[in-house]
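A quick write-up on the structure given underneath.
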Amino acid sequence: ELGPWQRALRAQFPIITANPELAYLDSAATGQKPQAVLDAVQEQLTAAHANAGRGSYPWANASTALVADVRDRVKGFLGDPDPARSAVHFTSGTTEGLRLVARDWLPGLLADGDEIVVPFADHEANLEPWLEAQRLLERQGVRIAVRELPYQSSSGDYDPAALARLVGPRTRFVAATHVHHVYGGNMNVHLVRRAVGPDVPICLDAAQSVGHLPVSVAELDVDFVAFSGHKALALPGSGALWARQSRGPELRPGGWQGSPNTTGIASLAAALDWLAAAGTDRIARWTVALAARLSDGLRRLDAYDVLGCQRSLAADSPVQQRCGIVTFRHRDIGARDLGFILFSHGFMVRTDGHCQAGAGETSSVRISLHVYNTPEEIDRLLAVLASLR
Ligand code: PMP
């Protein structure tokens, strides 16, 4: 059923169709761009290009209107049920979005003795900003406890019992991750909301979910969503932070606000339109099916260990594919060497430390998929992997 649909979408990615001998398997790092996004960039730079928020001639007005319009479209894409009471700040990506929350909003929420709960083994962009806020407050004599958001190694999901024990009257804020960028866990954010109750703000790192699967802020009941435009098929240097304004103070980005990245913002609007037309639910079904094909195939090969959503390598623990990320190790070949070997066969994969916080996962290969990837690519990859004993 999805075959012809997928072929039609794949054909819209010039870099993919121009390189049939290569397979791009690193979409968790950044996504390739469909023609509609390239067209929107061309249009923005050639039809009415000027700085936004300055000047009152037609091109300047068009740029200012573009920024306001795309704010509304980001809200729409995220299923915002109350757009009059939310804000969208354009950023260069997830990292800047999380840093905005940590720098310009969180300190105003916290008093001496308060506690925040954050992930210790997710992307470092979802740990360092919170530690920075803690250090900043400490210098002002405000001591904040930073606690680890607990996971259950058997399920790979949040641990509701441990979370319930951790949360107390001084818990003021939780940072969570929607999809883990190494283990591929598609986290049940509702468990966090249930544990902390209705009043504690939750900030979601949605770098690996926006553009890959449906994301609804109404359904998730979170207060901040940070994501990267470039991972959602828009230009590098584009991204957004969506902020609900009802739990805690309003987010007012401090310091100087420079010229907005109007071209990136135009590309983001085109990418979100493209994703909505393609259907993020269908994209998710496609990439999850490909990832399951890969992880099932890998598990039939003796030489590999698949790191699953369950964050353990226990042979008997089930790995349920819930997103398009598969990370694995060869028992004898190092990840770097494996990466070189795979590229000699045309496969582009991720092999280094994955920017994971803490000890981090350093010795694995990550395969991450998007709508342009095909079952044939997975089967060719498995054939090469099977030949490496
Ligand atoms: N969080 C997660 C889960 C990520 O996967 C990434 C990118 N790998 C980031 C944050 C940072 O995104 P960016 O580099 O676009 O700021």
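Quick notes
- On inspection, residue 266 passes the criterion of being touching a residue at least 12 places away in the same chain (Cβ under 8 Å) and either among the aromatic types (Phe, Trp, Tyr) or in a helix (DSSP H, G or I) (or both).
- Taken as a whole, the stretch 45-52 holds at least one residue that is part of a helix (DSSP H, G or I) and in the same structural domain as residue 186 (by TED's automatic domain parsing).
Residues are listed down the side, and each one gets a yes or a no for (1) more than 28 Å from residue 162 (Cβ to Cβ); (2) surrounded by 17 or more Cβ atoms within 10 Å (Cβ to Cβ); (3) in the same structural domain as residue 102 (by TED's automatic domain parsing):
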| residue | (1), (2), (3) |
| --- | --- |
| 187 | no, yes, yes |
| 197 | no, no, yes |
| 203 | no, yes, yes |
| 212 | no, yes, yes |
| 215 | no, yes, yes |
| 231 | yes, yes, yes |
| 241 | yes, yes, yes |
| 249 | yes, no, yes |
| 254 | yes, no, yes |
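- Which listed residue, of 18, 87, 28, 23, is under 23 Å from residue 126 (Cα atoms) and not assigned by TED's automatic domain parsing to the domain that holds residue 227: 28
- Residues of the stretch 39-68 that are of a type in the set (Val, Ile, Thr), in contact with a helix residue (DSSP H, G or I) (Cβ under 8 Å, 6 or more places away or on another chain) and within 24 Å of residue 12 (Cβ to Cβ): 41 alone.
- Contact map, the stretch 283-300: residues that are not assigned by TED's automatic domain parsing to the domain that holds residue 27 paired with residues that are among the hydroxyl-bearing types (Ser, Thr, Tyr), Cβ distance under 7 Å, separation 6+ or inter-chain. No pairs are found.
- Pick from the stretch 217-229, criterion buried (at least 21 other Cβ atoms within 10 Å of the Cβ) and assigned to a loop (DSSP other than H, G, I, E, B), ranking: farthest from the ligand (Cβ to nearest atom): 223
- Looking at 319, 288, just one residue is at pLDDT 90 or above and closer than 23 Å to residue 208 by Cα, and that residue is 288.
- The lone exception for residue 204 - which of (1) in contact (Cβ under 8 Å) with a residue 60 or more places away in the chain; (2) within 11 Å of the ligand (Cβ to nearest atom); (3) part of a strand (DSSP E or B) it fails: (1)
- Residues of the stretch 116-135 that are farther than 12 Å from residue 99 by Cβ, touching a helix residue (DSSP H, G or I) at 6+ places or on another chain (Cβ under 9 Å) and among the aliphatic types (A, V, I, L, M): 116, 117, 118.
- Criterion applied to 88, 67 was being touching a strand residue (DSSP E or B) at 6+ places or on another chain (Cβ under 9 Å), more than 21 Å from residue 248 (Cβ to Cβ) and not in a loop (DSSP other than H, G, I, E, B), and the one residue passing it is 67.
- Residue in the stretch 332-389 that is surrounded by the most Cβ atoms within 10 Å (Cβ to Cβ), counting only those that are in a strand (DSSP E or B) and within 16 Å of the ligand (Cβ to nearest atom): 367
The values are calculated or read from the model by the stated rules, or taken from the named source; none is laboratory data. Keep in mind that what you see is a predicted model, and the values were worked out from it rather than measured. Methodologically, a virtual Cβ is constructed for each residue, glycine included, from the backbone with ideal geometry; neighbour enumeration extends over all protein chains shown.
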